[in-house]
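Only one structure is covered here, and it is reproduced in the block below.
The values are calculated or read from the model by the stated rules, or taken from the named source; none is laboratory data. On a predicted model such as this, the values are computed, not experimentally measured, just so you know. Virtual Cβ from ideal backbone geometry, glycine too; neighbours counted across all protein chains shown. Heads up: the accessible areas ignore ligands, DNA and RNA and are worked out on the full protein's heavy atoms, side chains in. Shrake-Rupley method; radii C 1.70, N 1.55, O 1.52, S 1.80 Å.
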Amino acid sequence: MASRRPPARRRRGRGPARRDDATWLAYGLLTLLAFSAAAAVLRWLAANWWIPVAVALTAGAAAVVVLRSRALAAREDRLRAARLRLALGGPGGIDHMTPDAFEFAVRDLLERDGCRARKVGRANDQSVDVLAEDPTGRRWAVQCKHKRDPIGGKPVGVGVLYALAGTYQRAHHAQLAVVVTNGRFSREAHRWGTEQGIHLVDRTTLARWAADGRPLWNLLPHIPHPRNGRQN
């Protein structure tokens, strides 16, 4: 009887083992390179220690400048808000004036801006209280409306604008018409003034005009600056 030959053993492939060995070798090389790079950086820092110190000092100085600028800007905003409040409601402020004194105050502000201005408001003034001429010769007709209760009182209505629109060119030969109040304007007044080119100076704009020192043509939209006027 013939003897059976044992089955041939399968050869185990060595591909996966070799790949694992290559992977560990690569990791080892990368780790070695990383340690070498770190050591090189540390040696460079030790030899050039003043560079990171200078960078840190520069960054700190820049941070101080930024923080100081923000603090100064915030302080200026607070001071500006205080000036606006004083211009309106503080002692001797606009809200405490009589209507006649208010007209003189508007005249004085126009003169401060470099205009030649005079108060003309009186009986039968044809809806104009102050006439002014700016440095380029443009003529301004200004109607002043002082409110005893500027916050809760009745707003300046569109009727005031109707009256001014009918007289500022024909009777006063003005090119610009402005209504100034320490109160507010009605919605209809805003709409009609925009349509007809009547410029409105309400409580907020008046406070900025009085406190900031900027001329009126810098505060009103659609009015070009006079060539020789103040450009603040």
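Model label points for ALA56 and ASP20, set 7 angstrom from Cα along the Cα-to-Cβ axis, are 4.7 nm apart. Would you please classify the overall shape of the stretch 140-221 from the alpha carbon gyration tensor, given that a ≥ b ≥ c denote the square roots of the eigenvalues, rounded means a/c under 1.5, and beyond that prolate means a/b larger than b/c while oblate covers the rest? Judged from the Cα gyration tensor, the stretch 140-221 comes out oblate (a/c at least 1.5, b/c at or above a/b). Given their separation in residues at 0.36 nm each and the Cα-Cα distance between them, GLN169 and PHE104 gain 21.2 nm when the chain is fully extended. Spin-label model, ALA39 to VAL65: label points 7 Å out along the Cα-to-beta-carbon direction sit 4.1 nm apart. Model label sites at ALA46 and GLU195, defined 7 Å from Cα along the beta-carbon direction, differ in position by 8.4 nm. Maximal additional length on extending the ARG118-THR204 stretch stands at 28.6 nm, based on 0.36 nm per residue less the C-alpha distance. Annotation: aspartates and glutamates with alpha-carbon distance below 20 angstrom to LYS147 (same-chain offsets under eight excluded): ASP95, ASP100, GLU103, ASP108, ASP125, ASP129, GLU188, ASP202.
Scalar couplings 3J(HN,Hα) for the stretch 28-41, obtained by applying the Karplus form with A = 6.51, B = -1.76, C = 1.60 to θ = phi - 60°, are x, 5, 4, 5, 4, 5, 5, 5, 5, 5, 4, 5, 5, 5 Hz; x denotes Gly and Pro. As a rough guide to protection, the peptides 105-112, 148-155, 159-166 ranked by mean Cβ packing within 10 Å, highest first, stand as 105-112, 159-166, 148-155. Sorting the segments 43-49, 206-212, 129-135 by their mean number of nearby beta carbons within 10 angstrom, highest to lowest, gives 129-135, 206-212, 43-49.
Treating r as the C-beta distance of HIS222 and GLN126 and R0 as 30 Å, the FRET efficiency rounds to 0.75. Protein heavy-atom surface of the stretch 140-183, 1.4 angstrom probe: 52% of the accessible area is carbon and sulfur, with nucleic acids and ligands not counted.
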